[in-house]
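A short worksheet on the structure shown next.
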Amino acid sequence: DQQVKQNSPSLSVQEGRISILNCDYTNSMFDYFLWYKKYPAEGPTFLISISSIKDKNEDGRFTVFLNKSAKHLSLHIVPSQPGDSAVYFCAASAEVWDNYGQNFVFGPGTRLSVLP
Amino acid sequence: NAGVTQTPKFQVLKTGQSMTLQCAQDMNHNSMYWYRQDPGMGLRLIYYSASEGTTDKGEVPNGYNVSRLNKREFSLRLESAAPSQTSVYFCASSGVFGNTIYFGEGSWLTVV
């Protein structure tokens with residue numbers, strides 16, 4: 001059973017409008033969340049993160065919202081640009097291994113297409 | 001800034017052949033990971049190494065082995081490749097808790 005879900009495999013948005021990508025998780029122990037962006041033939045790159053002590057984190061055009069009671073987070077991109085077209089992965093983390101690292105669980109991804 | 005470097009980028013194997021994917025990071029990270037990406041499945045953890053000298057199984061370890069050669073290097077070995085191991089493989093590393101995980105550019109493996 002997937003612990004991190006992204007129920008929309010794809011999303012199309014007009015350039016200049018808002019893109020909203022959603023992510024749901026089942027493990028209540030998750031307390032750190034990240035969004036990654038992936039272009040074809042490249043590795044995922046970090047976009048933005050949020051810890052469970054916050055409900056919002058903003059970085060330029062990207063804002064992540066966290067609703068812990070609903071076990072839901074979303075990524076808002078405003079305004080959307082054609083260069084934002086990519087696959088977006090949501091990731092969650094809970095474990096700490098002897099203060100050295102942590103395990104990240106990824107969702108299946110949402111393919112965003114921003115139409116000019 | 002090299003970050004996470006993995007080789008080879010592309011490889012075609014015959015069923016039953018063996019090969020090793022190499023990975024190195026230059027960020028002085030303690031933790032390293034191997035993921036595979038399959039359509040509709042996202043990124044699934046194969047093996048990880050929380051720190052130098054330790055390795056543990058992830059979600060899909062069957063058919064793979066790993067070696068944490070030193071703090072920088074973490075290799076993934078397929079002893080007897082199977083068509084089900086056709087995938088894109090990503091190596092990654094991370095620092096202390098709260099930090100991000102950084103990925104290599106991926107290795108495209110096809111087993112025929």
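Excluding same-chain neighbours fewer than eight residues apart, the aspartates and glutamates reachable from A:K5 by a Cα-Cα span under 18 Å are A:D24, A:D31, B:D38, B:E59.
Label sites at A:L115 and A:T45, each approximated as a point 7 angstrom past Cα along Cα to Cβ, lie 2.6 nm apart.
Backbone geometry of the range A:5-12 corresponds, through the Karplus equation with coefficients 6.51, -1.76 and 1.60 at θ = phi - 60°, to 3J(HN,Hα) couplings of 10, 10, 6, 9, x, 8, 8, 10 Hz, x marking Gly and Pro. Just name one of B:Q17, B:N28, B:F103: the one whose Cα is farthest towards the positive end of the charge dipole of the protein assembly as shown (beta-carbon charges, Lys/Arg +1, Asp/Glu -1). Positive-most Cα among the choices belongs to B:Q17. Between beta-carbons, use under 11 Å as the cut-off and find the net charge around B:L45, counting Lys and Arg +1, Asp and Glu -1. Cβ neighbours under 11 Å give a net charge of +1. Put simply, the C-alpha atoms of the range A:1-62 give a gyration tensor, and the ellipsoid matching it has half-axes of 21, 16, 14 Å, longest first. Peptide A:31-39 has a mean shielding of 2, counted as Cβ atoms of other protein chains within 10 Å of each residue's Cβ. Taking every Cα-Cα distance in chain B and sorting them into 5 Å bins from zero, the calculated P(r) comes out as 2, 13, 25, 26, 19, 10, 4, 1, 0 percent.
Counting, for every residue in B:31-38, the Cβ atoms of other protein chains within 10 Å of its Cβ and taking the mean gives 3. When the inverse distances between all different Cα atoms of the protein assembly as shown are averaged and flipped, the Kirkwood radius reads 18.0 angstrom. Considering chain A as a Gaussian network with a 10 Å cut-off on Cα pairs, which listed residue, A:G43, A:G83, A:G60, attains the greatest mean-square fluctuation? Checking each option, the largest mean-square fluctuation is seen for A:G60. Counting, for every residue in B:40-50, the Cβ atoms of other protein chains within 10 Å of its Cβ and taking the mean gives 5.
To the nearest µm²/s, what D does Stokes-Einstein give for chain A at 10 °C and 1.306 mPa s, using the Kirkwood radius over alpha carbon pairs as Rh? Stokes-Einstein gives a translational diffusion coefficient of 110 µm²/s. Each of A:N57, A:T26, B:G40 was scored by the projection of its Cα onto the charge dipole of the protein assembly as shown, and the greatest displacement toward the positive side belongs to B:G40; charges sit on the C-beta of Lys, Arg, Asp and Glu.
If R0 equals 22 Å, the separation of the Cβ atoms of B:S18 and B:L69 corresponds to a calculated FRET efficiency of about 0.80.
Read-outs: derived from the displayed coordinates by stated rules, not from any lab. Note that the coordinates shown come from a computational prediction; the quantities given were computed from them, not determined experimentally. Please note: Cβ atoms are built from the backbone with ideal geometry, for glycine as well, and neighbour counts cover all protein chains shown.
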